[in-house]
Amino acid sequence: MQSKRTTLLAIGLPLLVTLIYLGFLFKPWAHPPAPPKRLTPEESATLWEDCKSLFRAGKYQDALADALKLHETYPGNHIYIEMAADIYDRLGRYSDEAEYWEQYFDRAPNPVTACPQIGQAYWKQGKEREAISAFERCLARDPENSDSIFFLAHALELSGETSRAGELYQRGMKIAPDYTDLQLGLARIYLRQDKLPQARGLALRALRKSPENVDALLVAGLVYSREGDLPKAKQYLEQGVKLSDGYLDFHFALARIAEEEKNFAEAIVHYDRILKDQPDNQTARSRRETLAGRQ
(Lines give C-alpha, C1' and ligand atoms only; values in the text may rest on other atoms or scores of the structure.)
Protein backbone atom coordinates (compact mmCIF):
# COMPACT_ATOMS: atom_id res chain seq x y z
CA MET A 1 0.00 0.00 0.00
CA GLN A 2 1.38 3.39 -0.99
CA SER A 3 2.10 5.95 1.70
CA LYS A 4 0.29 9.30 1.70
CA ARG A 5 3.64 10.94 0.92
CA THR A 6 4.14 8.78 -2.16
CA THR A 7 0.58 9.46 -3.29
CA LEU A 8 1.01 13.17 -2.84
CA LEU A 9 4.26 13.10 -4.83
CA ALA A 10 2.55 11.21 -7.61
CA ILE A 11 -0.13 13.87 -7.77
CA GLY A 12 2.02 16.83 -6.89
CA LEU A 13 4.96 16.31 -9.25
CA PRO A 14 2.99 16.70 -12.52
CA LEU A 15 1.19 19.67 -10.97
CA LEU A 16 4.53 21.19 -10.01
CA VAL A 17 5.89 20.73 -13.53
CA THR A 18 2.75 22.35 -14.96
CA LEU A 19 3.02 25.28 -12.57
CA ILE A 20 6.69 25.78 -13.42
CA TYR A 21 5.85 25.71 -17.16
CA LEU A 22 3.04 28.21 -16.68
CA GLY A 23 5.32 30.32 -14.56
CA PHE A 24 7.78 30.61 -17.44
CA LEU A 25 4.95 31.27 -19.84
CA PHE A 26 3.36 34.00 -17.77
CA LYS A 27 6.21 35.57 -15.83
CA PRO A 28 4.65 38.20 -13.62
CA TRP A 29 8.02 39.95 -13.46
CA ALA A 30 8.56 40.05 -17.24
CA HIS A 31 7.68 43.13 -19.25
CA PRO A 32 6.06 42.82 -22.69
CA PRO A 33 8.41 43.66 -25.60
CA ALA A 34 8.40 47.31 -26.50
CA PRO A 35 6.66 48.12 -29.77
CA PRO A 36 8.95 49.22 -32.61
CA LYS A 37 9.81 52.88 -32.47
CA ARG A 38 7.54 54.90 -34.71
CA LEU A 39 9.06 57.51 -36.96
CA THR A 40 7.94 61.08 -36.75
CA PRO A 41 6.96 62.78 -40.03
CA GLU A 42 10.25 64.70 -39.92
CA GLU A 43 12.28 61.53 -39.33
CA SER A 44 10.41 59.78 -42.14
CA ALA A 45 11.12 62.61 -44.59
CA THR A 46 14.83 62.60 -43.68
CA LEU A 47 15.04 58.81 -43.96
CA TRP A 48 13.30 58.86 -47.36
CA GLU A 49 15.74 61.42 -48.75
CA ASP A 50 18.64 59.35 -47.39
CA CYS A 51 17.17 56.22 -48.99
CA LYS A 52 16.87 57.86 -52.40
CA SER A 53 20.38 59.30 -52.15
CA LEU A 54 21.86 55.89 -51.28
CA PHE A 55 19.91 54.29 -54.13
CA ARG A 56 21.25 56.81 -56.66
CA ALA A 57 24.78 56.16 -55.35
CA GLY A 58 24.37 52.43 -55.89
CA LYS A 59 24.57 51.67 -52.15
CA TYR A 60 21.65 49.30 -52.38
CA GLN A 61 22.09 47.39 -49.13
CA ASP A 62 22.06 50.61 -47.10
CA ALA A 63 19.15 51.97 -49.13
CA LEU A 64 17.25 48.74 -48.49
CA ALA A 65 17.58 49.14 -44.72
CA ASP A 66 16.01 52.61 -44.97
CA ALA A 67 13.24 51.43 -47.30
CA LEU A 68 12.31 48.52 -45.03
CA LYS A 69 12.27 50.77 -41.96
CA LEU A 70 9.89 53.11 -43.76
CA HIS A 71 7.78 50.16 -44.92
CA GLU A 72 7.57 48.86 -41.35
CA THR A 73 6.27 52.24 -40.19
CA TYR A 74 3.94 52.75 -43.16
CA PRO A 75 3.08 49.23 -44.44
CA GLY A 76 0.36 50.54 -46.74
CA ASN A 77 2.50 53.14 -48.50
CA HIS A 78 3.10 51.82 -52.02
CA ILE A 79 6.01 54.21 -52.66
CA TYR A 80 8.20 52.48 -50.06
CA ILE A 81 7.13 49.06 -51.33
CA GLU A 82 8.15 50.06 -54.86
CA MET A 83 11.55 51.26 -53.67
CA ALA A 84 12.17 47.99 -51.80
CA ALA A 85 11.19 45.97 -54.89
CA ASP A 86 13.53 48.03 -57.08
CA ILE A 87 16.39 47.53 -54.64
CA TYR A 88 15.82 43.78 -54.43
CA ASP A 89 16.03 43.71 -58.24
CA ARG A 90 19.39 45.52 -58.15
CA LEU A 91 20.63 43.07 -55.53
CA GLY A 92 19.55 40.07 -57.59
CA ARG A 93 17.15 38.92 -54.86
CA TYR A 94 14.36 38.13 -57.27
CA SER A 95 12.19 36.11 -54.88
CA ASP A 96 12.03 39.09 -52.50
CA GLU A 97 11.48 41.39 -55.46
CA ALA A 98 8.45 39.36 -56.57
CA GLU A 99 7.05 39.38 -53.03
CA TYR A 100 7.23 43.17 -52.85
CA TRP A 101 5.77 43.69 -56.33
CA GLU A 102 2.87 41.49 -55.20
CA GLN A 103 2.37 43.80 -52.23
CA TYR A 104 2.55 46.79 -54.56
CA PHE A 105 0.04 45.24 -56.95
CA ASP A 106 -2.40 44.78 -54.05
CA ARG A 107 -1.99 48.22 -52.48
CA ALA A 108 -1.02 50.78 -55.14
CA PRO A 109 -3.76 53.03 -56.56
CA ASN A 110 -2.59 52.10 -60.05
CA PRO A 111 -1.35 48.48 -59.87
CA VAL A 112 -0.35 48.40 -63.56
CA THR A 113 2.73 50.46 -62.68
CA ALA A 114 4.08 47.20 -61.19
CA CYS A 115 4.03 45.79 -64.72
CA PRO A 116 6.02 44.24 -66.30
CA GLN A 117 8.38 44.07 -63.32
CA ILE A 118 6.15 41.71 -61.35
CA GLY A 119 6.20 39.14 -64.15
CA GLN A 120 9.88 39.64 -64.89
CA ALA A 121 10.76 39.01 -61.23
CA TYR A 122 9.22 35.53 -61.52
CA TRP A 123 10.79 34.95 -64.95
CA LYS A 124 14.27 35.70 -63.58
CA GLN A 125 13.71 32.91 -61.05
CA GLY A 126 12.82 30.48 -63.83
CA LYS A 127 9.18 30.41 -62.69
CA GLU A 128 7.53 30.58 -66.11
CA ARG A 129 3.97 29.77 -65.02
CA GLU A 130 4.05 32.34 -62.21
CA ALA A 131 5.45 34.91 -64.64
CA ILE A 132 2.72 34.23 -67.19
CA SER A 133 0.09 34.44 -64.44
CA ALA A 134 1.47 37.81 -63.35
CA PHE A 135 1.48 39.13 -66.93
CA GLU A 136 -2.11 37.92 -67.29
CA ARG A 137 -3.12 39.84 -64.17
CA CYS A 138 -1.43 42.94 -65.56
CA LEU A 139 -3.36 42.65 -68.80
CA ALA A 140 -6.63 42.00 -66.99
CA ARG A 141 -6.21 45.33 -65.19
CA ASP A 142 -5.85 47.20 -68.49
CA PRO A 143 -6.86 45.08 -71.51
CA GLU A 144 -5.88 47.82 -73.99
CA ASN A 145 -2.34 48.26 -72.66
CA SER A 146 -0.03 47.37 -75.55
CA ASP A 147 2.97 46.84 -73.26
CA SER A 148 1.05 44.32 -71.15
CA ILE A 149 -0.05 42.55 -74.34
CA PHE A 150 3.54 42.36 -75.57
CA PHE A 151 5.03 41.01 -72.33
CA LEU A 152 2.37 38.31 -71.98
CA ALA A 153 2.67 37.35 -75.66
CA HIS A 154 6.48 37.23 -75.45
CA ALA A 155 6.40 35.05 -72.32
CA LEU A 156 3.96 32.69 -74.02
CA GLU A 157 6.16 32.60 -77.13
CA LEU A 158 9.24 31.70 -75.08
CA SER A 159 7.23 29.03 -73.25
CA GLY A 160 6.23 27.41 -76.54
CA GLU A 161 2.60 28.56 -76.56
CA THR A 162 3.02 30.02 -80.03
CA SER A 163 -0.63 29.91 -81.10
CA ARG A 164 -1.84 31.98 -78.19
CA ALA A 165 1.20 34.25 -78.46
CA GLY A 166 0.41 34.92 -82.12
CA GLU A 167 -3.18 35.84 -81.29
CA LEU A 168 -1.98 38.31 -78.67
CA TYR A 169 0.61 39.85 -81.00
CA GLN A 170 -2.12 40.40 -83.58
CA ARG A 171 -4.43 41.88 -80.96
CA GLY A 172 -1.66 44.23 -79.84
CA MET A 173 -0.96 45.40 -83.38
CA LYS A 174 -4.59 46.41 -83.80
CA ILE A 175 -4.15 48.71 -80.82
CA ALA A 176 -0.59 49.87 -81.59
CA PRO A 177 0.21 49.12 -85.27
CA ASP A 178 3.64 50.80 -85.09
CA TYR A 179 4.82 48.90 -82.00
CA THR A 180 7.97 47.29 -83.40
CA ASP A 181 8.33 44.56 -80.78
CA LEU A 182 4.78 43.40 -81.47
CA GLN A 183 5.53 43.31 -85.21
CA LEU A 184 8.67 41.25 -84.69
CA GLY A 185 6.97 38.92 -82.23
CA LEU A 186 4.31 38.17 -84.82
CA ALA A 187 7.02 37.84 -87.50
CA ARG A 188 8.74 35.16 -85.40
CA ILE A 189 5.44 33.30 -85.01
CA TYR A 190 4.88 33.46 -88.78
CA LEU A 191 8.41 32.15 -89.31
CA ARG A 192 7.69 29.15 -87.05
CA GLN A 193 4.45 28.57 -88.94
CA ASP A 194 6.36 28.71 -92.24
CA LYS A 195 4.38 31.79 -93.32
CA LEU A 196 7.48 33.29 -94.88
CA PRO A 197 6.00 36.18 -96.93
CA GLN A 198 4.13 37.48 -93.88
CA ALA A 199 7.22 37.17 -91.67
CA ARG A 200 9.41 38.90 -94.25
CA GLY A 201 6.92 41.73 -94.66
CA LEU A 202 6.84 42.48 -90.94
CA ALA A 203 10.62 42.27 -90.57
CA LEU A 204 11.26 44.63 -93.48
CA ARG A 205 8.58 46.97 -92.17
CA ALA A 206 10.42 47.14 -88.85
CA LEU A 207 13.73 47.74 -90.62
CA ARG A 208 12.32 50.66 -92.58
CA LYS A 209 11.56 52.33 -89.28
CA SER A 210 14.72 51.17 -87.49
CA PRO A 211 17.47 49.96 -89.89
CA GLU A 212 19.72 48.78 -87.06
CA ASN A 213 17.15 46.76 -85.16
CA VAL A 214 19.03 43.50 -84.59
CA ASP A 215 15.90 41.44 -83.96
CA ALA A 216 14.47 42.58 -87.29
CA LEU A 217 17.77 41.83 -89.04
CA LEU A 218 17.76 38.32 -87.58
CA VAL A 219 14.20 37.58 -88.67
CA ALA A 220 14.87 38.94 -92.17
CA GLY A 221 18.02 36.87 -92.46
CA LEU A 222 16.27 33.71 -91.31
CA VAL A 223 13.39 34.25 -93.72
CA TYR A 224 15.67 34.70 -96.72
CA SER A 225 17.73 31.69 -95.63
CA ARG A 226 14.58 29.58 -95.39
CA GLU A 227 13.56 30.79 -98.86
CA GLY A 228 16.93 29.76 -100.27
CA ASP A 229 18.21 33.29 -100.98
CA LEU A 230 21.52 32.79 -99.16
CA PRO A 231 23.28 35.97 -100.39
CA LYS A 232 20.37 38.10 -99.18
CA ALA A 233 20.23 36.18 -95.92
CA LYS A 234 23.94 36.73 -95.29
CA GLN A 235 23.57 40.44 -96.00
CA TYR A 236 21.15 40.87 -93.08
CA LEU A 237 22.86 38.41 -90.76
CA GLU A 238 26.35 39.86 -91.27
CA GLN A 239 25.00 43.34 -90.61
CA GLY A 240 23.53 42.00 -87.40
CA VAL A 241 26.87 40.51 -86.31
CA LYS A 242 28.59 43.86 -86.86
CA LEU A 243 26.03 45.57 -84.65
CA SER A 244 25.88 42.89 -81.94
CA ASP A 245 28.60 40.27 -82.08
CA GLY A 246 27.41 38.77 -78.81
CA TYR A 247 23.96 37.99 -80.25
CA LEU A 248 24.81 34.35 -80.87
CA ASP A 249 21.73 33.55 -82.96
CA PHE A 250 23.44 35.41 -85.83
CA HIS A 251 26.47 33.12 -85.56
CA PHE A 252 24.29 30.02 -85.54
CA ALA A 253 22.45 31.19 -88.65
CA LEU A 254 25.65 32.11 -90.48
CA ALA A 255 27.29 28.82 -89.49
CA ARG A 256 24.37 26.90 -90.99
CA ILE A 257 24.58 28.88 -94.21
CA ALA A 258 28.34 28.28 -94.37
CA GLU A 259 27.72 24.55 -93.96
CA GLU A 260 25.16 24.65 -96.74
CA GLU A 261 27.72 26.38 -98.96
CA LYS A 262 30.34 23.75 -97.98
CA ASN A 263 32.48 26.50 -96.44
CA PHE A 264 33.37 24.45 -93.38
CA ALA A 265 36.22 26.71 -92.26
CA GLU A 266 33.86 29.69 -91.99
CA ALA A 267 31.26 27.60 -90.18
CA ILE A 268 33.90 26.55 -87.63
CA VAL A 269 34.76 30.23 -87.03
CA HIS A 270 31.15 30.91 -86.09
CA TYR A 271 30.88 27.83 -83.90
CA ASP A 272 34.09 28.85 -82.14
CA ARG A 273 32.59 32.27 -81.48
CA ILE A 274 29.52 30.63 -79.93
CA LEU A 275 31.66 28.35 -77.76
CA LYS A 276 33.68 31.32 -76.54
CA ASP A 277 30.57 32.64 -74.76
CA GLN A 278 28.84 29.29 -74.25
CA PRO A 279 31.50 26.60 -73.75
CA ASP A 280 28.85 24.07 -72.71
CA ASN A 281 26.75 24.53 -75.85
CA GLN A 282 26.59 20.94 -77.05
CA THR A 283 24.97 21.76 -80.40
CA ALA A 284 27.79 24.10 -81.38
CA ARG A 285 30.46 21.74 -80.05
CA SER A 286 29.02 18.72 -81.86
CA ARG A 287 28.74 20.58 -85.17
CA ARG A 288 32.26 21.96 -84.84
CA GLU A 289 33.75 18.52 -84.16
CA THR A 290 31.87 17.03 -87.12
CA LEU A 291 33.10 19.76 -89.49
CA ALA A 292 36.66 19.61 -88.18
CA GLY A 293 36.78 15.96 -89.23
CA ARG A 294 35.83 16.92 -92.80
CA GLN A 295 38.67 19.34 -93.37
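Checking the structure you have, find out if any residue of segment 236-248 is under 25 Å from SER148 (Cα atoms) and not in a helix (DSSP H, G or I).
Filtering segment 236-248 for residues under 25 Å from SER148 (Cα atoms) gives none.
Checked against the condition, which is being under 25 Å from SER148 (Cα atoms) and not in a helix (DSSP H, G or I), segment 236-248 yields no hits at all.
Table: residues versus (1) of a type in the set (A, V, I, L, M, F, W, C); (2) buried (at least 17 other Cβ atoms within 10 Å of the Cβ); (3) part of a helix (DSSP H, G or I).
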position: GLY76; (1), (2), (3): no, no, no
position: TYR88; (1), (2), (3): no, yes, yes
position: ILE118; (1), (2), (3): yes, yes, yes
position: TYR122; (1), (2), (3): no, yes, yes
position: GLY126; (1), (2), (3): no, no, no
Report summary line: Those residues of segment 194-203 which are in contact with an Asp or Glu (Cβ under 9 Å, 6 or more places away or on another chain) and crowded, with 20+ Cβ neighbours inside 10 Å amount to ARG200, ALA203
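One line per residue, one yes/no per condition, for (1) under 14 Å from ALA206 (Cβ atoms); (2) touching an Asp or Glu at 6+ places or on another chain (Cβ under 7 Å):
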| residue | (1), (2) |
| --- | --- |
| LEU139 | no, no |
| PRO143 | no, no |
| GLU161 | no, no |
| ARG164 | no, no |
| GLN170 | no, no |
| MET173 | yes, no |
| PRO177 | yes, no |
| GLY185 | yes, yes |
| ARG192 | no, no |
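Give segment 257-266 a look and list any residue that's closer than 14 Å to LEU222 by Cβ and surrounded by fewer than 18 Cβ atoms within 10 Å (Cβ to Cβ), or say none.
From segment 257-266, those closer than 14 Å to LEU222 by Cβ are 257, 260; that's our starting set.
Within segment 257-266, GLU260 is the sole residue that qualifies.
Take segment 88-104 and flag every residue that is over 19 Å from GLU72 (Cβ atoms) and either among the polar types (S, T, N, Q) or touching a Lys or Arg at 6+ places or on another chain (Cβ under 9 Å) (or both). So that I can check it myself, show each step before the final result.
Kept after step one, since they are over 19 Å from GLU72 (Cβ atoms), are these residues of segment 88-104: 89-90, 92, 94-95, 98.
Scanning segment 88-104 gives ASP89, GLY92, TYR94, SER95, ALA98.
For every residue, the table says whether it meets (1) touching a residue at least 12 places away in the same chain (Cβ under 8 Å); (2) under 24 Å from the mean Cα position of the chain (by Cα); (3) within 30 Å of PHE150 (Cα to Cα).
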{"site": "THR73", "(1), (2), (3)": "yes, no, no"}
{"site": "GLU82", "(1), (2), (3)": "yes, yes, yes"}
{"site": "ALA85", "(1), (2), (3)": "yes, yes, yes"}
{"site": "ASP89", "(1), (2), (3)": "yes, yes, yes"}
{"site": "ASP106", "(1), (2), (3)": "no, yes, yes"}
{"site": "PRO111", "(1), (2), (3)": "yes, yes, yes"}
{"site": "ALA114", "(1), (2), (3)": "yes, yes, yes"}
{"site": "GLN117", "(1), (2), (3)": "yes, yes, yes"}
Requested in this report: Filter segment 172-215 down to residues that are touching a helix residue (DSSP H, G or I) at 6+ places or on another chain (Cβ under 7 Å) and outside any loop (DSSP other than H, G, I, E, B), then give me how many there are.
Outcome: 29
Requested in this report: Please verify whether segment 273-282 includes one or more residues that are touching an Asp or Glu at 6+ places or on another chain (Cβ under 9 Å) and surrounded by 15 or more Cβ atoms within 10 Å (Cβ to Cβ).
Outcome: yes
Report task. Identify, by number, the condition in (1) farther than 20 Å from PRO177 by Cα; (2) part of a helix (DSSP H, G or I) that GLY160 doesn't meet. Result -> (2)
Query raised in the report: Within segment 53-73, can one find any residue that is modelled with pLDDT of 95 or more, touching a Phe, Trp or Tyr at 6+ places or on another chain (Cβ under 8 Å), assigned to a helix (DSSP H, G or I) and aromatic (Phe, Trp, Tyr)?
Result: no
Query raised in the report: Any idea which of ALA176, ALA206 is buried (at least 20 other Cβ atoms within 10 Å of the Cβ) and either touching a residue at least 12 places away in the same chain (Cβ under 8 Å) or under 30 Å from ILE274 (Cα atoms) (or both)?
Result: ALA206
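Run down LEU254, LEU222, LEU248 and say which single residue is more than 20 Å from ARG288 (Cβ to Cβ), modelled with pLDDT of 95 or more and of a type in the set (A, V, I, L, M, F, W, C). Explain how you work it out, then say what you get.
On the way: LEU254 fails: more than 20 Å from ARG288 (Cβ to Cβ); LEU248 fails: more than 20 Å from ARG288 (Cβ to Cβ).
None of the others qualify; the one that does is LEU222.
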Query raised in the report: Is it true that some residue in segment 180-189 is in contact with a Leu (Cβ under 6 Å, 6 or more places away or on another chain), within 24 Å of PHE105 (Cα to Cα) and not aromatic (Phe, Trp, Tyr)?
Result: no
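The values are calculated or read from the model by the stated rules, or taken from the named source; none is laboratory data. Here the structure is a predicted model, which means the values were calculated and not measured. Positions of Cβ are backbone-derived with ideal geometry, glycine not excepted, and every protein chain shown enters the neighbour counts.
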